[in-house]
1. Please work out if ALA309 is buried (at least 17 other Cβ atoms within 10 Å of the Cβ) and among the hydrophobic types (A, V, I, L, M, F, W, C).
2. For PRO417, state whether it is free of Cβ contacts under 8 Å to residues at least 24 places away in the same chain, part of a loop (DSSP other than H, G, I, E, B) and buried (at least 16 other Cβ atoms within 10 Å of the Cβ).
3. Would you mind stating whether VAL82 is assigned to a strand (DSSP E or B) and closer than 16 Å to THR152 by Cβ?
4. For segment 245-263, what are the residues that are free of Cβ contacts under 8 Å to residues at least 60 places away in the same chain and hydrophobic (A, V, I, L, M, F, W, C)?
5. Got a sec? Which of ARG106, ARG123, ARG91, ARG64 is under 23 Å from ALA190 (Cα atoms), outside the structural domain of TYR223 (by TED's automatic domain parsing) and either out of contact with any helix residue (DSSP H, G or I) (no Cβ under 7 Å at 6 or more places or on another chain) or touching a residue at least 12 places away in the same chain (Cβ under 8 Å) (or both)?
6. Give the residue that is nearest to TYR305 (Cα to Cα), with candidates limited to residues of segment 135-173 that are assigned to a loop (DSSP other than H, G, I, E, B) and of a type in the set (Phe, Trp, Tyr).
7. When you look at TYR178, is it within 14 Å of the chain's Cα centre (by Cα), near the ligand (Cβ under 10 Å from one of its atoms) and among the hydroxyl-bearing types (Ser, Thr, Tyr), yes or no?
8. Regarding HIS188, is this residue in contact with a Ser or Thr (Cβ under 6 Å, 6 or more places away or on another chain), within 16 Å of the ligand (Cβ to nearest atom) and over 30 Å from HIS6 (Cα atoms)?
Amino acid sequence: MTGRTHLIESLMERFPHIPREAVIKEDLLRGGMAFEDSALSDTTNEASGQVKPKSYFIFSFDHRTLPELGAAALRRPPEEIVLTGGPYELRRTVVSVRVNPASPYRVQAGPDGTLGLYLDGRRISDVGLPPMPDYYRETLPNGKSVMEVAPTIQWGYLVYLTVFRVCQYFGAKEECQYCDINHNWRQHKAAGRPYTGVKPVEEVLEALEIIDRYDTARASQAYTLTGGAITSKVAGLGEADFYGRYAQAIEERFPGRWIGKVVAQALPKADVQRFHDYGIRIYHPNFEVWDERLFQLYCPGKERYVGRAEWHRRILDSADVFGARNVIPNFVAGVEMATPDGFATVDEAIASTAEGLRFFMSHGIVPRFTTWCPEPTTPLGKLNPEGAPLEYHVRLLEVYRATLEEYGLASPPGYGPPGPGQAVFSVSSFMDSLPAAETEPEPEPVG
Ligand code: SF4
């Protein structure tokens, strides 16, 4: 048995209560996957293939830059893959695609022509690809693609509206040290790809109208409004009004069609109230990393403009507006172990993150996390191309579930169904690791 296979099997053995699906999914998310030519689409025209292509919906989420990826980027890889079967008898597991040509995980066609995931040369699961949605074949009146304006992820569940493609925290002294939003914008521009910096509200409505028309099965259930932080103004508006006016227009045009979510800074309560008044129902004021020293080092812009203590205070305050269950701050799981400043041991990193989970969950607020992808153009990604140890990610799933249960809380709303074999949340396996529920969690009614 070779190294990586031994690693995942030993963790499956040590943590039998963590779904095996989640162990493999975390390993794919932290280290990426490679695609053999046989697994890539035959076309560089993103709208004409059979497979839903990777949309680069906010960050690159790749382990190489576009020029380094070459054909693997031009012949677009899929947005996500779904794993089933194989020697570990995997239940249906949706995984976001992060391309890494050097990964020991390879997606390729087997001798019978069916796609599989191979680790260390052994087929460990079948691979399904997302079919091209009909709405991706349409264009807006100005010729822009629906994928560019309103891509869907999580197997079609979530419309991801990055309406501001850059961040006003700019440069080494302000950008979060794990974030490549600004680089990703530059590399798409350099490659001549359409990549709108600020999406006009009208375009968003046109794209949603196309999605709504074709999505008769109502696979899409939620939208996320997001983009870079706004420290001054964009289009003459501060952050709450800039992002909020999209929700206002969407809710006026499609009342209640989707659950409205916003990922934004932790804003003062009056601004948070404006988000809610605009029609948003779930607020993600991300806390990024719990440890005080690491927050100051990794999020220098947020530390300077707001400060960690105030950031946390605002997160708690926003529960008065949205209801605690509808405040879901994200953190970037794994950066706490990045060299040179992160924790040296998994024990310390888990203890720190658990403290943060307890802080929020004791107030009824359920954080969630995305698995850190060490993108090569970020300061932390450059120094830590392997990401965090897989053991950290597996133990995080364990402590997350235990803390949730300790406080009697359920999985957060707006993420689709929880449970192995059912989850669609693709950028971490926290939903795959929670018990399956009969019904999907709904946002809490407020006011
Ligand atoms: S606030 Fe930080 S994580 Fe968010 S877009 Fe800006 S640099 Fe990236």
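1. It is false that ALA309 is buried (at least 17 other Cβ atoms within 10 Å of the Cβ) and among the hydrophobic types (A, V, I, L, M, F, W, C).
2. Taking the combined requirement at face value, the residue satisfies it.
3. yes
4. ALA247, ALA249, ILE250, PHE254, VAL262
5. Checking each option against the conditions leaves just ARG64.
6. TYR169
7. Yes, satisfied.
8. No; evaluated as a whole, the condition is false for this residue.
The values are calculated or read from the model by the stated rules, or taken from the named source; none is laboratory data. Everything numeric in this text was worked out from a predicted model, so none of it was measured. Every residue, glycine as well, gets a Cβ built from its backbone with ideal geometry; the counts of neighbours run over all protein chains shown.
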